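Comments concern the structure below.
Read-outs throughout are calculated quantities, based only on the coordinates presented, and are distinct from any laboratory measurement. Being a predicted model, the structure only gives us computed values, none of them experimental. We place every Cβ from the backbone using ideal geometry, glycine too, and count neighbours over all the protein chains shown.
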Amino acid sequence: MPKINKLLRVFLCFCAVVNLFVLNFIQVSALESNIYHGKRLDYKKTTPIDFKIYDYYWHEIKNGLKFVNPGLYDIKWRYETNTSSNVIEDAEGTIYFMNIVGTLFAVDPKGEKLWNRKFESLGDISVSLDGRVYAVCPLERNDTNDPLNVSVHVMNKNGNDICNYMVKNALDYYRGSGLAGDDKGNFIISTEDGICSYDEKGKLNWINTDIVKIKVLPSSLKFSNVYDIKIIDSENIIIVTDKKLYSLDSQGRVRWSINSDDFGRDIAINNQRYIHNRNGKNSEVIDSKDGHILTTVEEAKLNSGNYISRNSWNGGYYYYNTLIKDTKDKNYDSGIVSYDNNDKIKWIYNPPNGYKGHPDDIVADTSGNVYFSDFAGNLYSLDKNGNERFMVIRNNPEDIPSDLMVTKKGDIVWNSSEIGVLCIGASAISVLMNNEEVNFDNPPFIDNGTTMVPFRPVFEKLGLTIGWDSNTKTISGSNNDLSIKMQIGSKSCIINGIESQLVRAPKIQNGSSYVPLRFISETTHKEVSWDGRNKIVVIGSAEEQINYIVNQFFCGIQKKDIKGILSLLNSNSEIHESYKETLEEHLFKNTFVFNNIKVKTNLISDSKATAEITYNLMATEGFDVLSKENVNVVINFDKEAGNGWKISGMSQEILTF
């Protein structure tokens, strides 16, 4: 009997060794079969970056930032924030963020400021299901060991106050986690005391004391077990913790809970209210009504559509590279992994040699393009097949925290403590007519220097009645004063019965008929200018052209876009030579915010004009905030041949007090 037991033990040991060998072989084979095979960019081809960045001590970082870009993408806009809160977008596409001194900005998808508000400190932002905006700002305390209290400012979408109240014993709401507003005006916030709900007037509705667990480190730092709060509606509030997932009703009572240590802040909730956990290991689908975890058979029958979340799309999802277990491996914890909807690996991305590549945040758009930032201050973008699209390279040896957001327009907004808030998107031409953007189903393009646009939206915007003869491929537009006829492929056109010549013949592309924009606009007696900086064609009266330049001038100061500001100045004027030094001096450490800008334009002649401008100014120098109201300045304009209206002088310096 002892001899049999000894043989059995030897056999079992042999099986264990073989099993380990086989498992290791399978893992290595899986990794080798998914080594990155995507298309790399040419890292020597970079697009110049026009703004400056500075280190912690305000020393300029020379050649510190590179935009590896094949020419298909543009930096749309940037706000220097020195550090920032989370960045969030509401249902209408308005983007919100705060700077280091607690100024909350609301900007449109083009980065144009809609409004701003100054609060007591830098905080975090949340937007509720009913469109309310919440700024949660820490209040000053005498000692870091003292309890943290926060002021909650509730606003409508225009930045007007609804109410303001204080929440005691608050927590660190990293990237806005632990904050959420429902569809009834209630605000849910996690605190040391529990999960709290406040009504639309700031009155405490209820508090749940059973969920929140606080861990205090030897350094006195406090950590909560609550990862995030997601609201399906006022009767179904999802609380994500490190060990459990909870659903609370409108009174804060637990509806259901399930044990799970795999859930994180990026759970997805689809339009049928099923919760999906995707972490590269296993996927679980949960019915939010009762917390039931669906079986494989039930999932197959569900056919519930896409589980779109921050890091997923309808073809799968992206996750951190946790496949390599050897900490000595150069690719350990580096790059990302693409999974299909069945948790099968599609491809693995390894950053180029010499790049950190340890992801800080990962997001995806609806087309499957993925973006991730690493702790070296780099930004990467790949398509759904793993091919590199563009990269912003910083390679800072120190950790640079950042987070990402894909806008409804499809642009990527990157919030970096070193760079500020930066928006990158596909290169595209916009047309602004009578101060309104023209919407195109197919985008405009430039054909040998001529901007070509789909004719129908432009004709409609100009108030022309549209005609199309499919037999002769003739385009027509008319009103009481004007008649235009053009034919596809022909440079000849008929204007009010008189033949004229086009620079480019109309053409059909992607199913749309394109016409030369400048000819059409000038035929209708509109002024046309080209904003090459922002790739915008501006069509309108002289007053509208000047108002556009004034708006771009003040926006450029707020964004610290020196080259953009200089592009608005008359290249032959004295101001063009002197103003660069002025801008660099004042924009180096100061931040300027303009409000209540009013413009009165005076046309002196066809080529000269003035604009009388009044505004309120708030400026920050370090942590000092200065303000000045009802500032008056007169800006002079000249009309440059071929370049439209340009600034030629101003009555006083705008950037001084």
key: Reachable lysines from Lys222, criterion Cα separation under 25 angstrom, eight or more residues apart if same chain   = Lys168, Lys213, Lys230, Lys243, Lys244
On Cα atoms only, tilt of 574-587 relative to the major axis of the chain in degrees = 20 degrees
message = Using helices alone, I'd like the mean residue ellipticity at 222 nm for the chain: each DSSP H run of four-plus residues gives -39500 (n - 2.57), total over residue count, nearest 500.
response = -4500 deg cm²/dmol
query = Hey, if you put +1 on the Cβ of every Lys and Arg and -1 on every Asp and Glu Cβ in the stretch 462-584, which of Gly540, Val550, Val503 ends up farthest toward the positive end of that dipole?
reply = Val503
remark   = With the 8 Å Cα cutoff and a minimum separation of six or more residues, the stretch 92-225 has a relative contact order in percent of 14 percent
Cα-based shape type of the stretch 128-280, given that a ≥ b ≥ c are square roots of the gyration tensor eigenvalues and the cut on a/c is 1.5 = oblate
task = Write down Rg/Rh for the chain, rounded to two decimals, with Rg from the C-alpha atoms and Rh from the Kirkwood relation over Cα pairs.
result = 1.02
task = Whole Å is fine, so just give me how far the alpha carbon centre of the stretch 350-396 lies from that of the stretch 493-564.
result = 36 Å
inquiry  = Suppose a student asked you for the relative contact order of the chain, using Cα pairs under 8 Å spaced at least 6 residues apart; what percent would you report?
reply    = 8 percent
key: Qualifying GluC sites (Glu not before Pro) in the stretch 580-617, DSSP loop, other Cβ atoms within 10 Å at most 12   = none
message = At 0.36 nm per residue, and after removing the present C-alpha to C-alpha distance, how many nm does the segment from Asn395 to His292 gain when stretched out fully?
response = 32.5 nm
ask   = What share of all Cα pairs of the stretch 598-641, in percent, falls into each consecutive 5 Å distance bin?
value = 6, 19, 19, 14, 13, 11, 9, 6, 3, 0
key: Label-to-label distance, nm, for residues given as Asp193 and Gln509 (7 Å Cα→Cβ offset)   = 6.3 nm
message = I'd like the orientation of helix 542-559 relative to the chain: the angle between its Cα long axis and the longest Cα principal axis, in ° from 0 to 90, rounded to 10.
response = 30 degrees
Difference of contour (0.36 nm per residue) and Cα-Cα distance, Glu299 to Lys608 = 104.3 nm
ask   = What residue among Tyr173, Ser257, Val216 has its Cα farthest toward the positive end of the dipole of the stretch 169-264, where the charges are +1 on Lys, Arg and -1 on Asp, Glu, each on the Cβ?
value = Val216
request  = Please turn the phi angles of the stretch 212-220 into ³J(HN,Hα) values with the Karplus equation 6.51 cos²θ - 1.76 cosθ + 1.60 (θ = phi - 60°), one per residue in order, whole Hz, x for glycine and proline.
outcome  = 5, 10, 10, 10, 9, 7, x, 7, 6
note = So for the stretch 506-657, using the alpha carbon gyration tensor with a ≥ b ≥ c as root eigenvalues (a/c under 1.5 gives rounded; past that, a/b versus b/c decides prolate or oblate), I'd call it prolate
Loop-located trypsin sites (Lys or Arg not before Pro) in the stretch 309-404, at most 11 other Cβ atoms within 10 Å (DSSP) = Lys325, Lys328, Lys330, Lys344
request  = Calculate one ³J(HN,Hα) per residue across the stretch 234-248 by plugging θ = phi - 60° into the Karplus curve 6.51 cos²θ - 1.76 cosθ + 1.60, and present them in order as whole Hz with x for glycine and proline.
outcome  = 5, 9, 8, 9, 8, 10, 9, 10, 6, 10, 9, 10, 10, 10, 10
query = Within the stretch 182-242, which trypsin sites (Lys or Arg not before Pro) sit in a loop by DSSP and count at most 11 neighbouring Cβ atoms inside 10 Å?
reply = Lys201, Lys203
note = A correct Karplus calculation of ³J(HN,Hα) over the stretch 562-572, with 6.51 cos²θ - 1.76 cosθ + 1.60, θ = phi - 60°, whole Hz and x for Gly and Pro, returns 5, 5, x, 5, 4, 5, 8, 8, 5, 5, 9
task = Classify the stretch 507-554 as rounded, prolate or oblate from the Cα gyration tensor: take a ≥ b ≥ c as the square roots of its eigenvalues, call it rounded if a/c is under 1.5, otherwise prolate when a/b beats b/c and oblate if not.
result = oblate
